1. Can you tell me which residue is nearest to the chain's Cα centre (by Cα) among those in segment 26-61 that are among the hydrophobic types (A, V, I, L, M, F, W, C), assigned to a loop (DSSP other than H, G, I, E, B) and farther than 21 Å from residue 9 by Cβ?
2. For segment 12-41, how many residues meet the condition of being at pLDDT below 90 and over 26 Å from residue 71 (Cβ atoms)?
3. List the number of the failed condition for residue 1; all other conditions in (1) modelled with pLDDT under 75; (2) aliphatic (A, V, I, L, M); (3) surrounded by 13 or more Cβ atoms within 10 Å (Cβ to Cβ) hold.
4. Sort out which residues of segment 8-67 are loosely packed, with under 11 Cβ neighbours inside 10 Å and among the aromatic types (Phe, Trp, Tyr), and write them in order of number.
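The values are calculated or read from the model by the stated rules, or taken from the named source; none is laboratory data. All figures in this text were calculated on a predicted structure; none of them were measured in a lab. Glycine gets a Cβ as well: all are built from the backbone with ideal geometry, and neighbour counts include every protein chain shown.
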Amino acid sequence: MLVNSVDDPLVHDSLLSIPKALAAKKENVVVVLPLHGGHLGFFEGAVLFPEPLTWMDKLLVQYANAICHWEKTKPHCSDAEPVETDQQ
């Protein structure tokens with residue numbers, strides 16, 4: 001999971017073409033682009049006393065939980081062709 005906010009002043013939109021291209025080619029890569037957050041905008045709370053769990057921490061836990069839930073509930077199938085037996 002690649003995360004960057006759209007309003008990041010240090011990472012220009014043109015730099016996001018590389019992760020977007022990677023995500024388009026690889027089914028196990030996802031690009032998350034929240035509209036707001038700035039650069040390192042995942043910190044929460046006051047400047048001097050930030051919260052111990054950041055927005056990024058929470059996002060990663062939610063993502064991991066979603067993957068675990070998907071793994072538990074996905075249909076089980078096989079890509080293998082069924083083997084035909086010749087019974088005469």
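1. 30
2. 9
3. Going through the list (1) modelled with pLDDT under 75; (2) aliphatic (A, V, I, L, M); (3) surrounded by 13 or more Cβ atoms within 10 Å (Cβ to Cβ), residue 1 breaks only (1).
4. Scanning segment 8-67 gives a single hit, 49.
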